[in-house]
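Quick notes on the structure that follows.
The values are calculated or read from the model by the stated rules, or taken from the named source; none is laboratory data. All values reported here derive from a predicted model rather than from experimental measurement. Please note: Cβ atoms are built from the backbone with ideal geometry, for glycine as well, and neighbour counts cover all protein chains shown. Side chains included, ligands, DNA and RNA excluded: accessible areas come from the protein's heavy atoms. Shrake-Rupley method; radii C 1.70, N 1.55, O 1.52, S 1.80 Å.
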Amino acid sequence: ELKVEQNPLFLSMQEGKNYTIYCNYSTTSDRLYWYRQDPGKSLESLFVLLSNGAVKQEGRLMASLDTKARLSTLHITAAVHDLSATYFCAVAAGYALNFGKGTSLLVTP
Amino acid sequence: KAGVTQTPRYLIKTRGQQVTLSCSPISGHRSVSWYQQTPGQGLQFLFEYFSETQRNKGNFPGRFSGRQFSNSRSEMNVSTLELGDSALYLCASSLNDNSNTEAFFGQGTRLTVV
């Protein structure tokens, strides 16, 4: 059974600071996704990572994938309040996505 | 381009009843997946359909079932509702033609069982 672990689960950070969210998974997969969820809302797709060494950036967020280490990171640069949300990584196993527990991010002034 | 549409958005049902949720995927998308989100268990995979065939099923009891129609719209049904079935049910669609496997989620149906 594919297990996905995210850490930290809760993160409070000041505006302007940098931080990294980690996503470890237990078995080989060919796809890893990052999603954002605002309270009471659905999941918004942020990144799809398909190969070892893949790096994608959008604004203040950058995601990377190391398939050998079974590790993905979501790096936040110079955080702003608008980034406050819950971030999920999801690892594909066949036609299913296995989600981590999510990282609740709060960016404070 | 319209996104994934789920109906209804909110439902309140009584224990023992059954419920049917609907999902219309993005036009051209042929794969539809269903997920249950609860505070305790997080996001869990229910099942996935492609061209009216269930290709994968998660670890849920038989009370949870689904189907997909020829226009790719999908429904999921939960029979004999239990209090623990209260959750946000999310539907995702994707092309699934091996060149673009990004999954897009609908707004979800929030089911409350009382």
(Q) List the residue pairs whose Cβ atoms are under 9 Å apart, where the first residue sits in segment A:82-109 and is touching a residue at least 60 places away in the same chain (Cβ under 8 Å), the second is β-branched (Val, Ile, Thr) and part of a loop (DSSP other than H, G, I, E, B), and the two are 6 or more positions apart or on different chains. (A) A:91/A:27; A:92/B:101; A:93/A:27; A:107/A:80
**Q.** strands (runs of 3 or more DSSP E) contained in segment B:1-74 and holding at least 3 residues hydroxyl-bearing (Ser, Thr, Tyr)
**A.** B:19-24, B:31-38
Q. If you check residue B:107 against the conditions, is it in a loop (DSSP other than H, G, I, E, B), within 13 Å of the chain's Cα centre (by Cα), within 14 Å of chain A (Cβ to nearest Cβ) and in contact (Cβ under 8 Å) with a residue 60 or more places away in the chain?
A. yes
Q: Hey, can you tell me all the residues within segment A:19-37 that are part of a strand (DSSP E or B) and either open to solvent by less than 30 Å² (accessible area, probe 1.4 Å) or in contact with an Asp or Glu (Cβ under 6 Å, 6 or more places away or on another chain) (or both)?
A: A:20, A:21, A:23, A:24, A:25, A:32, A:33, A:34, A:35, A:36, A:37
Q.
All but one of (1) under 30 Å from residue B:55 (Cα atoms); (2) part of a loop (DSSP other than H, G, I, E, B); (3) more than 12 Å from every other protein chain (Cβ to nearest Cβ) hold for residue A:101; state the number of the condition that does not hold.
A. (3)
Q: Give the residue, chosen from A:40, A:16, A:53, that is in a loop (DSSP other than H, G, I, E, B), exposed (fewer than 13 other Cβ atoms within 10 Å of the Cβ), within 14 Å of chain B (Cβ to nearest Cβ) and out of contact with any Pro (no Cβ under 9 Å at 6 or more places or on another chain).
A: A:40
Q: Restricting attention to segment A:60-109, report how many residues are in contact with a Gly (Cβ under 9 Å, 6 or more places away or on another chain) and either closer than 17 Å to residue B:103 by Cα or acidic (Asp, Glu) (or both).
A: 9
Q. Name the pairs: first residue in segment A:50-61 and within 17 Å of residue A:35 (Cα to Cα), second residue open to solvent by 60 Å² or more (accessible area, probe 1.4 Å) and assigned to a strand (DSSP E or B), Cβ to Cβ under 9 Å, at least 6 apart or on different chains?
A. A:55/A:62; A:56/A:62
Q) So, in segment B:64-104, of the ones that are within 13 Å of chain A (Cβ to nearest Cβ) and hydroxyl-bearing (Ser, Thr, Tyr), which residue ends up nearest to residue B:13 (Cα to Cα)? A) B:89
Q. Pick from segment B:60-98 the residues that are over 14 Å from the mean Cα position of the chain (by Cα) and within 25 Å of residue A:45 (Cβ to Cβ): which of them is modelled with the highest pLDDT?
A. B:71
**Q.** Candidates B:30, B:9 - the one that is under 29 Å from residue A:104 (Cβ atoms), open to solvent by 40 Å² or more (accessible area, probe 1.4 Å) and either in contact with a strand residue (DSSP E or B) (Cβ under 8 Å, 6 or more places away or on another chain) or touching a residue at least 40 places away in the same chain (Cβ under 8 Å) (or both)
**A.** B:9
Q. How many residues are in contact (Cβ under 8 Å) with a residue 60 or more places away in the chain and under 19 Å from residue B:8 (Cβ atoms) when one looks only at segment B:61-104?
A. 8
